[in-house]
1. If Thr170 meets every condition in (1) within 23 Å of Asp79 (Cα to Cα); (2) in contact with a Ser or Thr (Cβ under 9 Å, 6 or more places away or on another chain); (3) at pLDDT 95 or above apart from one, which number is that one?
2. Name the helices (runs of 4 or more DSSP H) wholly inside the stretch 146-263 in which the number of residues that are of a type in the set (A, V, I, L, M, F, W, C) is 2 or more.
3. Just one of Tyr27, Tyr66 is assigned to a helix (DSSP H, G or I) and of a type in the set (Ser, Thr, Tyr); which is it?
4. If you go through the stretch 164-193, how many residues are polar (S, T, N, Q) and open to solvent by less than 10 Å² (accessible area, probe 1.4 Å)?
5. Restricting the search to the stretch 194-210, which residues are open to solvent by 20 Å² or more (accessible area, probe 1.4 Å) and either within 26 Å of Asp32 (Cβ to Cβ) or in contact with a strand residue (DSSP E or B) (Cβ under 7 Å, 6 or more places away or on another chain) (or both)?
6. Any residue that is open to solvent by less than 20 Å² (accessible area, probe 1.4 Å), among the polar types (S, T, N, Q), touching a residue at least 24 places away in the same chain (Cβ under 8 Å) and within 28 Å of Ser28 (Cα to Cα) - is there at least one of those in the stretch 142-163?
7. Scanning for something of a type in the set (D, E, K, R), crowded, with 17+ Cβ neighbours inside 10 Å and modelled with pLDDT of 95 or more, does the stretch 214-234 turn up at least one residue?
8. Among the residues of the stretch 35-53, which ones are part of a loop (DSSP other than H, G, I, E, B), surrounded by fewer than 22 Cβ atoms within 10 Å (Cβ to Cβ) and modelled with pLDDT of 95 or more?
Amino acid sequence: MKTKKKLIIISLFLLVAFVLVTLSFLYSKYIDKENNLILLKNDDKEQSIYILGTIHEYHFKKILGYSYLDIKNVMDNLDPDLILLEVEQEVFDKFGVIKSPIEMVPLWCYAVEKGIPVKGVDWFDFSENSRSWTTDQERDDNIFNNVVKSIDDESRVLIILGSVHRIEQTKRFKNLGYKQKNVKDKENLFENNENSEFAYPKNTVEEVEKQINYWKSEALNRVYGQTTENSKGQKYWIKHYDNLVKMMDELIEKIFIPDELFY
């Protein structure tokens, strides 16, 4: 009986240890802000490409320790010649909507406010079976093609996209001959050196509301036009857009209007 009890305790201990190690690994790989900042260099072109991975709506959760302000600080401290975001440029050109994960909206607005050239490089193939914010080789290949077309000969480029894309885009740059380098004073790049009171860009709420209207209209029309009636895919997208709208309404009320960093 004692042996059985000991085995149960040991098993529970090993399970807890496994969970903690797994969580630590996932945090380090996908969430830790310093690990999300990568520098790649092309010595022939004297070009520096910084890739900063993000965690989308979870930037507004204090417990994860990676805020929107951290990203803004990197933008300020690097002072890049060009910023590329996880935004579908085609949708912006056609509808004037920043179709993107939520943190990209104020980032786009801030780049415009600062006078830094900004462009969207995201690509997403909508279909009955596709799912939101997922990625695969085709999507990241298209994102990379959009990136390469956009960077030209700019000497300092900052690419900001989801942490999974950060990993995939880093691989593609290395395959193109870029070398990964250490980022000097990386920790300080996330620090606020302006000592000014925090506020989101003035037109953030307006742009979020445009995205909300997009989910309610153009995006929803596409669902009905490109999926089978009452199918699993159609029900998924309708529910997904409804949840997106609710999340964005909540962010407007609790985050963007009162200029709060966290819920």
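1. (2)
2. Because the criterion is at least 2 residues that are of a type in the set (A, V, I, L, M, F, W, C), the helices (runs of 4 or more DSSP H) in the stretch 146-263 that meet it are 163-175, 204-216, 218-226, 232-251.
3. Tyr27
4. Residues that pass the stated criteria total 1.
5. Glu194, Asn195, Phe198
6. There is at least one residue in the stretch 142-163 that is open to solvent by less than 20 Å² (accessible area, probe 1.4 Å), among the polar types (S, T, N, Q), touching a residue at least 24 places away in the same chain (Cβ under 8 Å) and within 28 Å of Ser28 (Cα to Cα).
7. No - not one qualifying residue is present in the stretch 214-234.
8. Residue satisfying the conditions is Asn35 alone.
The values are calculated or read from the model by the stated rules, or taken from the named source; none is laboratory data. Not measured: the values here are computed from a predicted model. Neighbour counts are summed over all protein chains in view; Cβ atoms, including those assigned to glycine, are modelled from backbone coordinates with ideal geometry. In case anyone asks, the SASA skips ligands and DNA or RNA and just uses the protein heavy atoms, side chains included. Shrake-Rupley method; radii C 1.70, N 1.55, O 1.52, S 1.80 Å.
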